[in-house]
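Report on the following structure.
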Amino acid sequence: MTRRAAGLLSAASGEAVRTLLALMKEAAPPAARLGAAKAVIELGIKVREVSELEIELRTLEERLNALGPP
C-alpha cells in the first residue's frame, strides 16, 4: 500500500510542479506567487538533499560490499 501511494504521489508531482510554476506568473495575486516561489525553492532544496544522500548511501554500500563478509 505504501508503494502504491508513493507511486501515485510521484505521478502527480509533475502536475503539481506545473501548478506551482503557473502560480508564479504575473497574473496570480502576489501572495499566491510568493507562496509558490517559496514552495519551489523549498522542494528544490529537499530534492537536491535526497539526491545527494542517495549518492552517499550508494557509495557507502559499494565500499561495504567491497570489504566482503565479516
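From the Cα trace of the chain, what convex hull volume per residue do you get, rounded to a whole Å³? The partial results should precede the final answer.
Numbers: hull volume 8.0 nm³, N = 70.
Taking the convex hull of the Cα positions in the chain, it is 114 Å³ per residue.
Show me, for the range 6-22, the HN-Hα J-couplings you get by feeding each phi into the Karplus relation (A = 6.51, B = -1.76, C = 1.60, θ = phi - 60°), rounded to Hz, glycine and proline as x.
Along the range 6-22, the couplings run 5, x, 5, 5, 5, 5, 7, 5, x, 5, 5, 5, 4, 5, 4, 5, 5 Hz.
Along the range 52-57, what does the Karplus equation 6.51 cos²θ - 1.76 cosθ + 1.60 (θ = phi - 60°) give for ³J(HN,Hα), rounded to whole Hz, x for Gly and Pro?
Working through the residues one at a time gives 5, 5, 4, 5, 4, 5 Hz.
Quick one: 3J(HN,Hα) in Hz for the range 37-50, Karplus 6.51/-1.76/1.60 with θ = phi - 60°, rounded, Gly and Pro as x.
Running phi through 6.51 cos²θ - 1.76 cosθ + 1.60 with θ = phi - 60° gives 4, 4, 4, 4, 5, 4, 5, x, 5, 5, 4, 5, 4, 5 Hz.
Every number here is computed from the coordinates shown, using simple stated rules; none is lab data. For clarity, every value in this text was computed on a predicted model and none was experimentally measured.
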